[in-house]
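Visitor: One structure, pasted below without further comment.
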Amino acid sequence: IIPVVMAGVIGIYGFIIAVVVGTKIKEPSGSGTTDSPIVPNYTLFAAFGHLGSGLTGGLSGLAAGMAIGIVGDAGVRATAQQPKLFVGMILILIFAEALGLYGLIVALIMSSSGGGTCPGGSA
């Protein structure tokens, strides 16, 4: 049951990234008439930062989930035959979980830095 719980934590990492990115998306201002045109408040720079953030979290979660699945399957089978392998299985599962945690950290950094304007200025 430990690999199942650890795989569930990877899903929670993805949910955290989705909530953080979702709260930073802003609606355009203005009503769309000639007096007040629609002005976007969500820049392309921020959008690509959030896309990269989601891809980082998703792909690292995919890699961590595959590692947890492979190690969990082999570890549970080996622990059934030799109970002293349990500690080694848990250590390897923790290292696999760290892949997803690193992806969460990088995704949070990427999503927090995507709120400004493009630093290059006008071309």
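The values are calculated or read from the model by the stated rules, or taken from the named source; none is laboratory data. Here the structure is a predicted model, which means the values were calculated and not measured. All Cβ positions, glycine included, derive from the backbone under ideal geometry; neighbour counts span all protein chains shown. When the accessible area is computed, the model is the full protein with side chains, heavy atoms only, and any ligands, DNA or RNA have been set aside. Shrake-Rupley method; radii C 1.70, N 1.55, O 1.52, S 1.80 Å.
Visitor: If R₀ is 41 angstrom, what is the calculated FRET efficiency for the pair residue 38 and residue 18, using the beta carbon separation as r and rounding to 0.05?
Guide: Details: r = 26 Å, r/R0 = 0.63.
With a Förster radius of 41 Å, E is 0.95.
Visitor: Out of residues 5 or more away from residue 42 or on other chains, whose amide H comes under 5 Å of its own, with H placed 1.01 Å from N in the peptide plane?
Guide: Sorted by chain and number, the residues that satisfy this come to none at all.
Visitor: Sticking with this structure for a sec: Can you check how the C-alpha radius of gyration of region 56-101 compares to 2.2 N^0.38 Å, as a plain ratio?
Guide: Values: Rg = 11.4 Å, N = 46, 2.2 N^0.38 = 9.4 Å.
Here the Cα radius of gyration is 1.21 times the empirical estimate.
Visitor: State the Cα centre-to-centre distance between region 1-44 and region 89-115 in whole Å.
Guide: Using only Cα atoms to place each centre, the spacing works out to 19 Å.
Visitor: Pop out the ³J(HN,Hα) list for region 24-38 in order, Karplus 6.51 cos²θ - 1.76 cosθ + 1.60 with θ = phi - 60°, rounded to Hz; leave Gly and Pro as x.
Guide: My calculation for region 24-38 gives 8, 7, 10, 6, x, 9, x, 9, x, 8, 5, 6, 9, x, 6 Hz in order.
Visitor: While we're here: List the pair-distance distribution P(r) of region 1-66, using every Cα-Cα distance, as the percent of pairs falling in each 10 Å bin from 0 up to the bin containing the longest distance, rounded to whole percents.
Guide: Final binned percentages: 19, 34, 23, 14, 8, 2, 0.
Visitor: Here are labelled values, (1) 20.8, 76; (2) 15.2, 46; (3) 16.6, 58, and one is the computed Rg and Dmax of the Cα atoms in Å for what I pasted. Which one?
Guide: (1)
Visitor: Moving to a separate point now. In percent, what relative contact order does the chain have, based on Cα pairs under 8 Å that are 6 or more apart in sequence?
Guide: 38 percent
Visitor: Further, regarding this structure: Hey, what do the phi angles of region 96-102 turn into as Karplus ³J(HN,Hα) couplings, whole Hz, using 6.51/-1.76/1.60 and θ = phi - 60°, x for Gly and Pro?
Guide: Those phi angles translate into 5, 5, 5, 4, x, 5, 4 Hz.
Visitor: For region 4-94, what % of the accessible area comes from carbon and sulfur atoms, probe 1.4 Å? The partial results should precede the final answer.
Guide: Numbers: 4390 of 5890 Å².
Result for region 4-94: 74 percent of the exposed heavy-atom area is carbon or sulfur.
Visitor: By how many nm would the segment from residue 106 to residue 63 lengthen if fully extended, with 0.36 nm per residue of separation less the alpha-carbon distance? Please report the intermediate quantities before stating the final value.
Guide: On the way: separation 43, 0.36 × 43 = 15.48 nm, distance 1.47 nm.
Result for the pair: 14.0 nm of gain on full extension.
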